[in-house]
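*Asks:* So that we are looking at the same thing, I have put the structure below in structure tokens.
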Amino acid sequence: DVMAGVTKGVVVGGTGPATGTCATTCTPGANHLRMMLQATDGLPLNFGFTGKGNTALPEGLTEQIAGGAIGLKL
């Protein structure tokens with residue numbers, strides 16, 4: 001198998017099955033990131049979630065990175 005030994009990964013975002021997230025590829029807030037990371041724990045892939053990169057206060061950005069975001073999307 002050509003993919004044997006290769007780590008498979010997916011970069012994703014959003015907050016789940018909701019109409020408002022159909023066109024977005026970022027997850028807003030550390031709490032949503034935590035829930036999305038927990039939801040993918042049992043899957044045999046490596047997931048990376050992007051956080052929402054626009055906020056009124058810079059603390060929101062650092063909170064998302066500390067919460068597990070691999071990057072921020074504007």
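Computed from the coordinates by the stated procedures, all read-outs in this text should not be read as laboratory data. These numbers were taken from a predicted model, which means no experiment stands behind them. In this analysis, Cβ positions are derived from the backbone assuming ideal geometry, glycine residues included, and neighbour counts consider all displayed protein chains.
*Asks:* Sticking with the crude label model, points 7 Å out along Cα→Cβ, report the distance from Gln38 to Ala66 in nm, one decimal please.
*Replies:* According to this spin-label approximation, the distance is 1.9 nm.
*Asks:* Still on this structure: Taking a ≥ b ≥ c as the square roots of the Cα gyration tensor eigenvalues, with a/c under 1.5 meaning rounded and otherwise prolate when a/b beats b/c, else oblate, which class fits segment 24-66?
*Replies:* Cα axes put segment 24-66 in the prolate bin.
*Asks:* Hey, another quick one. Run the simple label-point estimate for Val12 and Asn54 please: 7 Å along Cα→C-beta, distance reported in nm.
*Replies:* It is 2.5 nm.
*Asks:* Okay, moving on. Could you put Lys52, Lys8 in order, starting from the residue whose Cβ has the fewest other Cβ atoms within 10 Å?
*Replies:* Fewest to most other Cβ atoms nearby, the residues stand as Lys8, Lys52.
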